[in-house]
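The values are calculated or read from the model by the stated rules, or taken from the named source; none is laboratory data. Remember, it's a predicted structure, so these values are computed and weren't measured experimentally. Virtual Cβ from ideal backbone geometry, glycine too; neighbours counted across all protein chains shown.
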Amino acid sequence: MKQTGVVRKIDELGRIVLPKEIRRNLGIKDGENLEIFVDENGVYLQKYSKILDLKKLGDVLVTEIGDCLGINAIIVDRDKVVSASVKNYDNNLSSEIDHLMNEREEYASKQEESFLGLTGYFLMKPIIVSTDCLGMIILMKDKAFDGWENKFLKFLTMLFVRKIEL
């Protein structure tokens, strides 16, 4: 664990302020959830991802989509790739993907493009629960999508939303 040298007083409601510099360095945005861990030595905070809680489900889904349909599937939370049927991807989300999640927009490639260090045709749909965008499901293949994949992606996204809401 790295010492920051920052000391903060707890107010009468038990709150502390995380300095802006630390939030920026860790990529913690206003309104994001933090998970609290404790042990005998202290209290620890970590960014919380509902999508990461569903990693096992995501791993099974992306593998089956790849094996059965021949389409690469990638599930991302707000910060990184959580599950992927394709290897050698770049785990850093691009500003374009971040923008799509912030604006809650769907995306479909009209030509071959590159995202996450991968090149192909992409379909992307945000995972929105209670007005919050928690991540995105991305389908990718080496030729243009036929059309049925849009309905499949909508179904897949709703499956994740329902599982999160349970």
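At a glance:
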quantity: Residues of segment 118-139 satisfying the condition of being part of a loop (DSSP other than H, G, I, E, B) and crowded, with 16+ Cβ neighbours inside 10 Å; calculated: none
quantity: Selection status of Ile97, among the β-branched types (Val, Ile, Thr) and farther than 20 Å from Lys163 by Cβ; calculated: yes
quantity: In segment 85-117, the residues that are outside any helix (DSSP H, G or I) and buried (at least 20 other Cβ atoms within 10 Å of the Cβ); calculated: Ser85, Leu93, Phe115, Leu116
quantity: Residue in segment 76-84 that is over 23 Å from Arg23 (Cα atoms), outside the structural domain of Asn33 (by TED's automatic domain parsing) and surrounded by 21 or more Cβ atoms within 10 Å (Cβ to Cβ) present; calculated: yes
